[in-house]
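Report on the following structure.
The values are calculated or read from the model by the stated rules, or taken from the named source; none is laboratory data. Predicted, not measured: the structure shown is a model, and the values here were computed from it. Neighbour counts are summed over all protein chains in view; Cβ atoms, including those assigned to glycine, are modelled from backbone coordinates with ideal geometry.
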């Protein structure tokens, strides 16, 4: 069971190339970003569809981020050679900046990891999908500036399938 009392999907028998199949469709989102005192919350929306013979997911997101309202576009695919999921993203606040995150599902969740530099300083990023059910999922983004020794949570989204 996840924190909402919903049964999580049994991922044990799922072929690796189909582990993100749950994401296809339309989702309502509750987006949260930390402030100096508490969290800002706002609604959002995610639509995930397939392209290129069903092998690639195209994700369109609307919500909030630290810079305010955000529109984002993501691409997600399973790399058959490395057996990892790969995800890239760009958005209306920082167009371009095509970072790539990679990861594998373990124990019903996936941590996608990426690295880049920001103002000449190394940044590690971790995108985590967990609590996955047929109608809900939890997503969070954390960053590390010390090589992954410590992580700061900086964006959380609760997804509910749109009916």
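Observations on the structure shown:
- Residue satisfying condition, being surrounded by 12 or more Cβ atoms within 10 Å (Cβ to Cβ) and under 20 Å from residue 161 (Cβ atoms), within set 48, 69: 48
- Qualifying position, being modelled with pLDDT under 95, part of a strand (DSSP E or B) and either exposed (fewer than 14 other Cβ atoms within 10 Å of the Cβ) or within 13 Å of the chain's Cα centre (by Cα) (or both), among 39, 85: 39
- Contacts under 6 angstrom Cβ, first residue in the stretch 27-39 being more than 27 Å from residue 58 (Cα to Cα), partner part of a strand (DSSP E or B) and at pLDDT 95 or above, 6 or more apart: 39/32
- Test: residue in the stretch 99-108 that is in a strand (DSSP E or B), touching a residue at least 40 places away in the same chain (Cβ under 8 Å) and under 26 Å from residue 151 (Cα atoms): yes
- Among the criteria (1) within 17 Å of the chain's Cα centre (by Cα); (2) under 25 Å from residue 30 (Cβ atoms); (3) without any contact (Cβ under 8 Å) to a residue 40 or more places away in the chain, the one residue 115 does not fulfil is (2).
- When 130, 141 are checked against the criterion of being within 13 Å of the chain's Cα centre (by Cα), within 19 Å of residue 76 (Cα to Cα) and surrounded by fewer than 17 Cβ atoms within 10 Å (Cβ to Cβ), 130 stands alone in meeting it.
- Among the residues of the stretch 129-160, those identified as within 15 Å of residue 110 (Cα to Cα) and part of a loop (DSSP other than H, G, I, E, B) are 131, 132, 133.
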